[in-house]
Amino acid sequence: MKQLLIALGGLSFVFLISCGGGGETASQSPAATAQEAEPPKADPKGIGEVKEVNLTDPLEESMITTGKAIYEMKCSACHKLTDQRVVGPGWAGVTNKRRPEWIMNMITNVDVMLAEDPQAQKLLEECLTRMPNQGVSIGDARALLEFMRKNDVETVGEKDQAANQI
Amino acid sequence: MKTNTIFLTLFFLLVLGAVFLTDCSQRTTQTIVEGDAAQQAYVPPGEYDEFYAFMSGGFSGQVTAYGLPSGRLLKEIPVFSKYPENGYGYSEETKAMFNTSYGEVPWDDSHHIELSQTDGEFDGRWLFVNGNNTPRIARVDLTTFETVEILEIPDVAGLHCAPFITENSEYLVSGTRFSVPIPQEDVGIDTYQENFKGLINYVSVDPEEGHMELAFQIEMPGYNYDLARNGKGKSHGWSFLTTYNSEQAHTLLEVNASQKDKDLLAIVNWKKAEEYLEQGKGQTRETSFYHNLMDESTSIVNSTEVTETTILNPQDCPGMVYFIPVPKSPHGCDVDPTGEFIVGNGKLSADMSIYSFDKLMAAIESEDFAGDINGIPIINYESGLHGILQKPGLGPLHTEFDGKGNAYTTFFISSEVVKWDVESLEVLDRQSTFYSPGHLVIPGGETRKPEGKYLVAMNKITKDRYLPTGPELAHSAQLFDISGEKMKLVLDFPTKGEPHYAQAISAGKIVPNVKKFYRIEDNGHPRAAKGEGQARVEREGKEVHVYMTAIRSHLAPDNIEGIKMDDEVYFHITNLEQDWDVPHGFAVQGATNAELLVMPGQTRTLKWKPFKPGVFAFYCTDFCSALHQEMSGYVRVSPANSDVPLKWGLNNENTTATNMREQAEQQLAQRVDD
Ligand SMILES: [Cu+2]
């Protein structure tokens, strides 16, 4: 999954270069302004109410069931369970790339994350569609996380690899 | 008779002269606007207006919401006219809102805004407005700014005198503008005096849900009922209604209905009416009217025909209705914040009569009457009078109050607003308007607690105010600062249709309750697709139902095949967004009705009839994201006898998981909410 992270980072790097280099009015573009300012320090937990998530094994079946139902209703239009990106990134392996706190903050505090979190901003640059605020409660976001963990076991055979990322 | 006519003609000439004269003299911006006026109306970017003003849209049939003091149009709320912008009245869910006993009536003439009240103050829950032509009353939910209910009023014509609210929203009171034969029958119009009747109607409002019900009607003499107000405070329990044409003329009313020196103000004790109703004094009669109500969980309008009404007759119900003379051709009828003073204005009288509730009650107590009409006692004019405001201007129409003991009256003919003291009947100030104001509004000006900071005059004529736009000009509304001793003109702004009345309320009473999206979990629409996995196409005989979802930035399914020429296609669009201000639109080529605008979490249905074989595009009409242009798809139509199978998909995947929906719903039901 390290490779994946690097690949993702590389992609957005390419994007930034082409954006900055291609535009004649580079100094006015938001990307350029962001570069001038002190680059914000990325918090692997993201920004939001979720500060600490306790992951348990085995997986919590009732949370998986709830998480799946919410996924189908509010997320599946943009996120596949494979690694295929459609409107948003595919979910396969997501818990190996992001801390559980980051994932839950992204779901429940998406506007702030898109405005301030460097990882979320990178994703926006790739996908070019703002992730909508889907009105998911913190409890439901936790259930979604459990569903993602299960999905990671099934699709990439490994989960929670980024749980203690610093 | 003849002298009367001559007098009238002279009067009109005089009045015309007054208009002409005032038009020419001292009507320049320089003389009436002071230096800092613009600053007072200016609301800087990022800041909110202090008040919402809801204006009726007159012949547009709609309601508009403006910010005060900026005068910015915030929203047009469709009520009585179909609205292609969002498919209101065209979508399958909202079509039934236009059902009436006359069939589907897709337009009206909206007149008077009434906000719901608790303890005589606006509570910010609902807004009521009348349809004048096809008599009906609508309710707008102020959490969504959507019309959620329309109730027809039977056996009346021109429901002008409506829908005036009581201080705890117990009732909406209305009266017929035109008396008609009851029940309707084929009679000579010259039998007006014997066959035509007027009804005063009481619609009850459910305190929890706001649902309306026609509680009872009172059968009255065949006059024209024009405007009404309900008592407040000490006069709570009483209604006051102005009437004209007490002559019961039926032709050339402008002369024949102005014969008498005075017309009549009807005074109804509705608490007494409730008692009589309970005692069974009401008579039920067969009739027909429609009640259209939106189900909150499905957002589908259900329409029911009601076939019975209960009538109370004043002859059987002593002490329920009284009359008192009022100046000729009255229009406005307004009750001050204390509930003690009732202002009756005659359009064709230079004087205004101000009645005292205490004196009216004393006169009733001592039976100080000057005869009766069909058993309805007429209170002696002088006995009920607080006093007469003499010659304050020409053509007094409407009065509002500032809560500091002052009243403000519009004068249609002399084009001005006049401020006067309710207690001492002294004129305190007058300001010109441009031109011919009808109603005026002060935030809370008809309640027990007016917020006397601003006044808006709604003018009928607009010459020289805006850029010319052809033979017609927008009507103008003018904002006055009334916080000081003298009124100060601050701003004028154009309005939609011809607003007949407005009510204004503190934005703070509405903003916290505004709904930001519909919870997709709570969407009870039977054809909702709650998640893209539920997107599908189903054939039910000749009907094809497309369960489509919309989210930034695609529609699912986006390719549909297997539709045949004889089919009726129903596009049920569910907007999966749960973020506010992200509606998605839906338009399909060859749609003969409208487009849809679907709010976040809501489902709306557009019926579409294939018109020729081919492949037709559909797309989202509301620019929603960088990939909005890509939010589109195709529907293929084949000849009626072809055997193209039903097929749909997204990204060439058939989303056929029909049992996925059941699964998801079961799972949701099991889910513990945290
Ligand atoms: Cu869209």
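Of all residues in segment B:396-410, those satisfying the criterion of being within 18 Å of B:K486 (Cβ to Cβ) and either assigned to a strand (DSSP E or B) or at pLDDT below 95 (or both) are B:E400, B:F401, B:N406, B:A407, B:Y408, B:T409, B:T410. If you go through segment B:466-493 and pick out every residue that is of a type outside the set (F, W, Y) and surrounded by fewer than 16 Cβ atoms within 10 Å (Cβ to Cβ), you end up with 10. For segment B:541-559, the tally of residues that are over 18 Å from B:T603 (Cβ atoms) and more than 14 Å from chain A (Cβ to nearest Cβ) stands at 3. Whenever a residue of segment B:615-634 is free of Cβ contacts under 8 Å to residues at least 40 places away in the same chain, its partners that are more than 11 Å from the ligand (Cβ to nearest atom) and assigned to a loop (DSSP other than H, G, I, E, B), lying with C-beta atoms within less than 7 angstrom and at least six residues away or across chains, give the pairs B:F616/B:Q589; B:F616/B:G590; B:A617/B:Q589; B:T621/B:E595. Scanning segment B:558-576 for residues that are within 14 Å of the ligand (Cβ to nearest atom) and either small (G, A, S) or at pLDDT below 95 (or both) yields a single hit, B:D558. Restricting attention to segment B:600-622, does a residue exist that is near the ligand (Cβ under 10 Å from one of its atoms), within 14 Å of another protein chain (Cβ to nearest Cβ), in contact with a helix residue (DSSP H, G or I) (Cβ under 9 Å, 6 or more places away or on another chain) and not acidic (D, E)? Among the residues of segment B:600-622, at least one is near the ligand (Cβ under 10 Å from one of its atoms), within 14 Å of another protein chain (Cβ to nearest Cβ), in contact with a helix residue (DSSP H, G or I) (Cβ under 9 Å, 6 or more places away or on another chain) and not acidic (D, E), which makes the answer yes.
Of the residues making up segment B:516-540, those that are assigned to a loop (DSSP other than H, G, I, E, B) and at the interface with chain A (Cβ under 8 Å from one of its Cβ atoms) number 4. If you check B:K453, B:K463 for being closer than 21 Å to B:I113 by Cα, over 23 Å from the mean Cα position of the chain (by Cα) and either charged (D, E, K, R) or crowded, with 18+ Cβ neighbours inside 10 Å (or both), only one passes: B:K453. Here B:N641 meets each of (1) closer than 21 Å to B:R527 by Cα; (2) away from the ligand (no atom under 12 Å from the Cβ); (3) assigned to a loop (DSSP other than H, G, I, E, B) with one exception, condition (1).
Number of residues in segment B:202-252 that are farther than 28 Å from B:T307 by Cβ, at pLDDT below 95 and of a type in the set (S, T, N, Q): the value is 6. I'd like the full set of residues that are surrounded by fewer than 24 Cβ atoms within 10 Å (Cβ to Cβ) and of a type in the set (S, T, N, Q), limited to segment B:427-446. Once the filter is applied, which keeps residues that are surrounded by fewer than 24 Cβ atoms within 10 Å (Cβ to Cβ) and of a type in the set (S, T, N, Q), segment B:427-446 yields B:Q431, B:S432, B:S436. B:Y192 satisfies every condition listed in (1) more than 19 Å from B:V79 (Cβ to Cβ); (2) modelled with pLDDT of 95 or more; (3) not in a loop (DSSP other than H, G, I, E, B) except (2). Checked across segment B:548-556, the condition of being assigned to a helix (DSSP H, G or I) and either away from the ligand (no atom under 16 Å from the Cβ) or buried (at least 21 other Cβ atoms within 10 Å of the Cβ) (or both) holds for no residue. So which pairs qualify, if the first residue must be in segment B:243-254 and surrounded by fewer than 17 Cβ atoms within 10 Å (Cβ to Cβ), the second must be hydrophobic (A, V, I, L, M, F, W, C) and outside any strand (DSSP E or B), the Cβ gap must be under 7 Å, and the two must be at least 6 apart or on different chains? Once the first residue is surrounded by fewer than 17 Cβ atoms within 10 Å (Cβ to Cβ) and sits in segment B:243-254, its partners that are hydrophobic (A, V, I, L, M, F, W, C) and outside any strand (DSSP E or B) give B:E247/B:A257. Considered as a group, the residues in segment A:65-109 that are in contact (Cβ under 8 Å) with a residue 60 or more places away in the chain and within 19 Å of B:F517 (Cα to Cα) include one that is nearest to the other protein chains (Cβ to nearest Cβ), and that residue is A:K74. Taking segment B:608-630 as the range and being surrounded by 13 or more Cβ atoms within 10 Å (Cβ to Cβ) and in a loop (DSSP other than H, G, I, E, B) as the test, the residues that pass are B:K609, B:P610, B:F611, B:P613, B:C620, B:T621, B:D622, B:C624, B:S625, B:A626, B:L627.
Only one of the numbered conditions (1) loosely packed, with under 15 Cβ neighbours inside 10 Å; (2) within 12 Å of chain B (Cβ to nearest Cβ) is violated by A:D57, and that is (2). May I ask you to list the residues in segment A:115-143 that are within 12 Å of chain B (Cβ to nearest Cβ), of a type outside the set (D, E) and assigned to a helix (DSSP H, G or I)? Passing the criteria: A:L124, A:C127, A:I138, A:G139, A:A141, A:R142, A:A143. For segment B:560-578: of the residues being more than 11 Å from chain A (Cβ to nearest Cβ), touching a Lys or Arg at 6+ places or on another chain (Cβ under 8 Å) and not hydrophobic (A, V, I, L, M, F, W, C), which is surrounded by the most Cβ atoms within 10 Å (Cβ to Cβ)? Once the filter is applied, the top-ranked residue is B:H572.
In this structure, B:T143 qualifies as assigned to a loop (DSSP other than H, G, I, E, B) and out of contact with any strand residue (DSSP E or B) (no Cβ under 6 Å at 6 or more places or on another chain).
The values are calculated or read from the model by the stated rules, or taken from the named source; none is laboratory data. For clarity, every value in this text was computed on a predicted model and none was experimentally measured. Using ideal geometry, Cβ is built from the backbone for each residue, glycine included, and neighbour counts are taken over all protein chains shown.
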